[in-house]
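What follows is a short report on a single structure.
The values are calculated or read from the model by the stated rules, or taken from the named source; none is laboratory data. Not measured: the values here are computed from a predicted model. Cβ atoms come from the backbone with ideal geometry, glycine included; neighbour counts cover every protein chain shown. Calculation scope for accessible area: heavy atoms of the full protein, side chains included, ligands and nucleic acids excluded. Shrake-Rupley method; radii C 1.70, N 1.55, O 1.52, S 1.80 Å.
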Amino acid sequence: MIATNTRVKARIQQLCEEINQHNKNYYQLDVPKIPDADYDDLMRELRSLEKQSPQFASHNSPTQRVGSAPLNSFQQVEHKTPMLSLDNAFDDEEFEAFDKRVRDRAGTTDSIEYLVEPKLDGLAISLLYRDGKFVQAATRGDGKTGENVTENIRTVGAIPLLLSGEGIPPVLEVRGEVFMPVAGFDALNQRAIEAGDKPFANPRNAAAGSLRQLDSKITATRPLAFYAYGIGVIEGVELPITQQILFERLSNWGLPISDQVQVAVGASRCHQAYESLATKRSLLPYEIDGVVYKVNNLELQDKIGFVSRAPRWAVARKFPAQEKMTEVIAIDVQVGRTGAITPVARLAPVFVGGVTVVNVTLHNEDEMRRKDVRVGDTVVVRRAGDVIPEIVSVVLEKRRQNTVVFNMPVDCPICGSEVERAEGEAIARCPSGLLCAAQIKESIKHFASRRALDIEGLGDKIIEQLVDRGQVRTPADLYCLTQGQLSALERIAEKSADNTLLALEKSKPTTLAKFLYALGIREVGEVTAKSLAEHFGNLNALQEASLEALEEVSGVGSTVSQRVVSFFELEHNREVIAGLIQAGVNWPDESTTSPVETALSGKVFVLTGVLSSMGRDQAKQTLQLLGAKVTGSVSKKTDYVVAGENSGSKLKKALSLDITVLSEDDFLKLLAIH
Ligand code: 5U1
């Protein structure tokens, strides 16, 4: 028996190794060495042995790619180092300006060596390997926190579950793009059409939709692929000299790297590399929307650094937008959550830049006048990458007689209030706030949306009916809905009324940041909501905060502070918040964790001028983490003024008040010792 067991264990291990090698040949090297039928035989034998002796079956066996039990929701994963996005250069001049900034920061006039990569149109992902074993995958999310999609990624054949080769780091975070090759996308859509389902608009949406499945068995049926383009955390090994060598190492460990990567020295070679990829674009088996240039030398990357969301050593050069002509069928006016009145052109459907476009915003009155778009006009529509579609121009030669100039309405089309447009503002607004049904609907849609309280199943159509029937006027009313009220709505089954009630219950435990974002305070997006929550720790402190106290928060200036104060001043808003809390919406108090005491705790800093090593926000955040306060103006209470390049009046005032002035170097030293 023992001998049999030893033999089975050894055979399982041998089969795993053999199949992993065939996967590498197929996905990474693109040179399959055995026919599909032989590969299937190996898999069949492995599956049968693992079934017979499950004690020898590893979690990372090649048979474990079929998906596991469905999840209820995705867990959040905090990225140890932020997942950055890329700045764009839209033409040769913009790239040359980027290249000049790189040379200035590098302190050289020599040509810079870049690595040029195709920019895939997919979904950024982070893969964590411990001792060469795949342990976790997360989406980019907002760059700081993403969603745990480990079970879904486990089903992607191109992603190795075990790394192979020499010198594998004990901890390695690989970053790259999950995408759907065009052939797989076409086949998937063909199957969807045959089954009477809605096809995906483009491979990017198909890849994103496939990865966001709570049921990984569905993801397992989707033809996803992966290319690595960088690393996050790496421990226990020295970094190589260049990005190119890093790619070679990743490839040796079994991670797929695009075969279209090339080195280019200096701007003119970079332009050539861009042109050559643009020519090849339509021949590639996957969609790309541009190229990415990265400084090749990793030490130089480190020296050049990054600004809040993007590295300063890399840039994306997008291919030109696609343009198509179509006809304007109607022009409607929409009223948004904050009362903004926006003209929207309804178009004859047109497929451009990978999606079918039927609506295009015309932004505001001035934009309308400038473009003079009229019903019946033929217009040129443009869509570039993931940018929202726009009307570039009207084709005047095709304009029919009797078309009429579109005028913005004088009254709100929903509640009839007279529209206002403040001096110097481009946007006209309905001033009725939550007395206007459109604004109520939009604010409730926002409250229930995925990134806010995430009330699953409470779709736009349901919200519109509830508001029209007068059953919901504020987010707090949602929590008083009954089964009877919900099941009486059109297009809602009894079961989904129950599910909506469950989803409402499930939404009650939240975080302060999500709650603040859900309230829809003007200018308070997700990032600001998070900063406010982290800074104040609890709602009371935020509600009572003065303008000055708010301005101390990272990323919060005078406009946002004013909006926050005005929001909490309104009795109606305080009542809604009280109603929500009474209904059971709750979040953990974040102020219970007291900040770490450091020698900078309580010290008052003013930042002025430009710092070359970090952005102003990053400096502010770092100081706040160390317990210091950062204020906007110099006074006797200021302890330190950090003076970057081109410091002006604040530096003068600091000198006149005899306040300690720190150069950027002094400042960095001060941070380093705390
Ligand atoms: N090919 C490629 N895509 N892409 C996207 N490389 C690459 N690098 C990226 C991103 C966001 O970021 C690093 C430069 C940080």
Q. What accessible surface, in Å², does a 1.4 Å probe find on residue 346, ignoring ligands, DNA and RNA and rounding to the nearest 10?
A. 60
Q) Could you state the number of Å between the C-alpha centres of region 451-500 and region 243-311? A) 48
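From the square roots a ≥ b ≥ c of the eigenvalues of the alpha-carbon gyration tensor of the chain, which class results: rounded (a/c under 1.5), prolate (a/b over b/c), or oblate? Please report the intermediate quantities before stating the final value.
Details: a/c = 1.39, a/b = 1.18, b/c = 1.17.
In terms of gyration-tensor shape, rounded.
How about region 21-69: which trypsin sites (Lys or Arg not before Pro) there are in a DSSP loop, with at most 12 other Cβ atoms within 10 Å of their Cβ?
33
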Q: For region 89-106 and region 599-621, write down the distance between their C-alpha centroids in whole Å.
A: 27
Q | Nearby lysines by direct alpha-carbon distance to residue 445 (threshold 30 angstrom, same-chain neighbours under 8 apart not counted) | A | 144, 198, 461, 495, 506, 508, 514, 530
(Q) Placing +1 on the Cβ of each Lys and Arg and -1 on the Cβ of each Asp and Glu in the chain, which of 72, 288, 627 has its Cα farthest towards the positive end of the resulting dipole? (A) 72
Q: Leaving ligands, DNA and RNA out of it, work out the accessible area of residue 329 with a 1.4 Å probe and give it in Å² to the nearest 10.
A: 100
Q. Say the dipole of region 77-318 comes from +1 at the beta carbon of Lys and Arg and -1 at that of Asp and Glu; which of 202, 160, 146 then lies farthest toward its positive end?
A. 146
Q) Which value does Rg/Rh take for region 2-64 over its C-alpha atoms, Rh per Kirkwood? A) 1.01
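For 204, 269, give the ranking by accessible area with the largest first, probe 1.4 Å. Walk me through the numbers before you get to the answer.
On the way: 204 75, 269 135 Å².
The most accessible residue leads, giving 269, 204.
Residue 283 to residue 658: extension gain in nm, 0.36 nm per residue of separation minus the Cα-Cα distance? Show your work: numbers first, answer last.
Working: separation 375, 0.36 × 375 = 135.00 nm, distance 6.64 nm.
Going from the current span to full extension adds 128.4 nm.
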Q) When the helices in the chain are scored as -39500 (n - 2.57) per DSSP H run of 4 or longer and the sum is shared across all residues, what 222 nm value do you end up with, to the nearest 500 deg cm²/dmol? A) -11000 deg cm²/dmol
Q) Which of the lysines could a cross-linker span from residue 33 if the Cα-Cα distance has to be under 23 Å and same-chain partners fewer than 8 positions apart are dropped? A) 24
Q.
If amide hydrogens are placed 1.01 Å from N in the peptide plane, which non-local residues have theirs closer than 5 Å to the one on residue 586?
A. 510
Q | Gap separating the Cα centres of region 1-68 and region 546-582, nearest whole Å | A | 58
Q) Which value, in Å² rounded to 10, gives the accessible area of residue 43 with a 1.4 Å probe and all protein chains present? A) 20
Q) Which value, in nm² and rounded to one decimal, describes the direction-averaged projected area of the C-alpha convex hull of region 410-466? A) 4.9
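Percent relative contact order of the chain, based on C-alpha pairs within less than 8 angstrom and at least six residues apart?
This gives 9 percent for the chain.
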Q: Looking at region 604-672, send over the antiparallel percent of its DSSP beta bridges, to the nearest 5.
A: 10
(Q) Strictly under 4.7 angstrom between C-beta atoms: which cysteines of the chain have no such partner? (A) 16, 270, 480
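If I take every Cα pair under 8 Å that is 6 or more residues apart in region 550-674, average their sequence separation and divide by the length, what percent do I get for the relative contact order? Before the final figure, lay out each step's value.
On the way: 150 pairs, mean separation 29.5, N = 125.
The normalised contact order for region 550-674 reaches 24 percent.
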Q. Can you pull the Kirkwood radius for region 1-149, inverse mean 1/r over Cα pairs, to one decimal in Å?
A. 20.1
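Give me the percent of the accessible area of region 604-672 that comes from carbon and sulfur atoms, probe 1.4 Å, all protein chains in place.
Numbers: 1930 of 3720 Å².
Taking all protein chains in place, region 604-672 shows 52 percent carbon and sulfur surface.
Which of the trypsin sites (Lys or Arg not before Pro) found in region 614-648 are in a DSSP loop and have at most 14 neighbouring Cβ atoms, other than their own, within 10 Å?
Details: sites: 616, 620, 629, 636, 637; in loops: 636, 637.
When the trypsin sites (Lys or Arg not before Pro) of region 614-648 are filtered for loop state and at most 14 Cβ neighbours within 10 Å, 636, 637 remain.
Quickly rank 162-174, 646-658 as a protection proxy: mean count of other C-beta atoms within 10 Å, highest first. Write down the numbers at each step before the final one.
On the way: 162-174: 16.9, 646-658: 14.0.
The most tightly packed comes first, giving 162-174, 646-658.
Assign unit charges at the C-beta atoms only (+1 for Lys and Arg, -1 for Asp and Glu), then state the dipole size of the chain relative to its Cα centre in Debye, rounded to the nearest 20.
Values: 77 positive and 89 negative charges, 109 e Å.
Roughly 520 debye, rounded to the nearest 20.
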Q) Dipole of region 4-85 (Lys/Arg Cβ +1, Asp/Glu Cβ -1, origin at the Cα centre): which of 35, 56, 16 lies farthest to the positive side? A) 56
Q.
Distance cut-off 23 Å, Cα to Cα: go down the list 217/318; 303/653; 603/653 and report the pairs above it.
A. 217/318; 303/653
Q.
Checking the a/c ratio against 1.5 first, then a/b against b/c, what shape does the Cα gyration tensor give for region 323-398?
A. oblate
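Based on the alpha-carbon gyration tensor of region 366-455 and its eigenvalue square roots a ≥ b ≥ c, which shape applies: rounded if a/c is under 1.5, prolate if not and a/b is larger than b/c, or oblate? Intermediate values should be presented prior to the final figure.
Numbers: a/c = 2.49, a/b = 1.45, b/c = 1.72.
Oblate, since a/c reaches 1.5 and b/c is not below a/b.
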